[in-house]
Amino acid sequence: MTDLAIAAAGAAWEPAAIGAIERAPDLRLARRCVDVAELLALVRTGAVAAVVVDPSLPGLDLDVVRELMATGVAVAACGDPEAAAALGIVRRPAAAHLGEVDWGQPAPVPPPPPVVDALPTSRSIVVWGPAGAPGRSTVAISIAATVAAAGRRVALVDADVAGGSLAQQLGVLDDLSGVLAACRAAGNGRAHEVPDHLVEVEPWLDLLTGLPRADLWPHLRIGAFTTVVDRLRADHEVVLDVGSGIDLDGAVGRSRHALTRHLLENADEVVVVGRADPVGLTRLVHGLLELADVLTTPPSAVVVNQVRPGLGWTEREIAETVRRLTGRVPDVFLPLDHALLDAAAMLGRSPRTSAPTSSFVRRLDDLATSLTRGRAVIASPPPE
């Protein structure tokens, strides 16, 4: 006997489904759930082996479906088949035929999406650094601006779960959060709407603005965010600015920093940023050791930021210290250029646009070029 729950919110197909269950000798209706919260609570108890949902059920999204499947229950949907497919539900029987479903069989694997030649897939670059404002956002902006200037369409994504700052740095005053809106669309099966929430901040450089407040982090769920990144990669190079927290225990789901860890684990390139002062270098060393438990390969680049003569250390001495403690030699040293960074921030521009010939920009240009070397150009060069 298979115990089954329905969450239909009064959908027109529900009476037919209940009738089919009552007629089936091997099915038993355990509960009619009024909402997603009740459905999840029931599934977590292990009281049902299968659930039938309506794709339009309020709150039902990619992450809820993912959680249901992770518990081992069979998930089916009646109603709009296209909406169900967009949520990743592959069992889509007619309500009157629920008794004919083989609930004991694994869910069939959906066919791969068609390849669209006009939309080449790019790679993702994640910029991470330990706590203490080492300059993650500034480096992420600079890498994105350089890649855009080289003739590629770039999506710069503010994925900092502690609250975004890229909008302020690039002069975007809109209070709406692009990343929240994009995740909401993706989570509800409307991934095609994700690019609508980008803001062009410089030629060929689009920004997905971040969280306006840190307490909104639960809305950035892994499944929806992954769909957002995948959709952007169809026609953009993607640069992600992430927060400093990492779940070293591999926590998933509702953990605050699970998204950061997920993005790091799935990035094509990881750039690590640390400060050149004693506190910053200590945190950089600890951060590199922590990342060794997260990444399967070493970071693509290590950047030491805010290097200045007043510290009394040469770049060689800093490099040797980091190498001795971590085994990794920093790849890039960035000079502290207050005038450049202040001018860029006040004008809402990238450092590259403000002073393209500065030493700070030239060194990041070299880094960005090395990260994207060998990639096909996916946009026309920006106009002069």
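The values are calculated or read from the model by the stated rules, or taken from the named source; none is laboratory data. This is a predicted model, so every value here is computed, not measured. Don't worry about glycine lacking a Cβ; one is built from the backbone with ideal geometry, like all the others, and counts go over all protein chains shown. For accessibility, only protein heavy atoms count, side chains too; no ligands or nucleic acids. Shrake-Rupley method; radii C 1.70, N 1.55, O 1.52, S 1.80 Å.
Give the percent of DSSP beta bridges with both residues in the chain that are antiparallel, rounded to the nearest 5. Of those bridges, close to 5 percent are antiparallel. Where the centre of each part is set by its Cα atoms, how far does the range 273-295 sit from the range 209-235, in angstrom? The range 273-295 and the range 209-235 have Cα centres separated by 25 Å.
In order along the range 344-359, phi translates into HN-Hα couplings of 5, 5, 5, 8, x, 10, 6, x, 5, 6, 6, 8, x, 9, 5, 4 Hz, rounded to whole numbers, per the Karplus curve 6.51 cos²θ - 1.76 cosθ + 1.60 with θ = phi - 60° and x for Gly and Pro.
Given Cα positions, please report Rg to Rh for the range 255-296, the hydrodynamic radius being the Kirkwood one.
On the way: Rg = 11.4 Å, Rh = 11.3 Å.
We get a ratio of 1.01 for the range 255-296.
Taking the chain as a Gaussian network of alpha-carbon nodes connected by springs under 10 Å, the highest mean-square fluctuation of the residues Val126, Val161, Val279 belongs to Val279. In the chain, the DSSP-assigned H stretches of four residues or longer account for a calculated mean residue ellipticity at 222 nm of -10500 deg cm²/dmol, using -39500 (n - 2.57) per stretch and the full residue count as denominator.
Full extension of the chain between Thr2 and Asp366 yields a length gain of 125.0 nm, computed as 0.36 nm times the residue separation minus the alpha carbon distance. Build a GNM of the chain with springs between Cα atoms under 10 Å apart, and of Arg184, Arg91, Arg275 the one that fluctuates most is Arg91.
Applied to the range 307-320, the Karplus parametrisation 6.51 cos²θ - 1.76 cosθ + 1.60 on θ = phi - 60° returns per-residue 3J(HN,Hα) values of 6, 8, x, x, 6, x, 10, 7, 4, 5, 5, 5, 4, 5 Hz, with x for Gly and Pro. With contacts taken as Cα pairs under 8 Å and at least 6 residues apart, the range 315-360 reaches a relative contact order of 29 percent. Placing a label point 7 Å from the Cα of Ser358 along the Cα-to-Cβ direction, the residues of the range 315-340 with a backbone N closer than 11 Å are 335-340.
Rounded, prolate or oblate, given the Cα gyration tensor of the range 128-239, with a/c below 1.5 counting as rounded? In terms of gyration-tensor shape, oblate.
Length gained on full extension, Arg23 to Ala85: 19.6 nm, using 0.36 nm per residue less the C-alpha separation.
Need one word for the range 1-75: rounded, prolate or oblate. Basis is the Cα gyration tensor (sqrt eigenvalues a ≥ b ≥ c); a/c below 1.5 gives rounded, then a/b vs b/c decides. Note, shape of the range 1-75 comes out oblate.
The Rg/Rh ratio of the chain, with both radii computed over alpha carbons and Rh defined as the Kirkwood radius, is 1.06. Of the residues Ala149, Ala94, Ala186, the one that moves most in a GNM of the chain with alpha-carbon contacts below 10 Å is Ala94. Computed over protein heavy atoms with a 1.4 Å probe, the carbon and sulfur contribution to the accessible area of the range 232-322 reaches 51%. Counted residue by residue at 0.36 nm each, then reduced by the alpha carbon distance between them, the extension gain from Leu311 to Arg256 reaches 16.3 nm. With protein chains left intact and a 1.4 Å probe, residues in the chain average 46 Å² of accessible area per residue.
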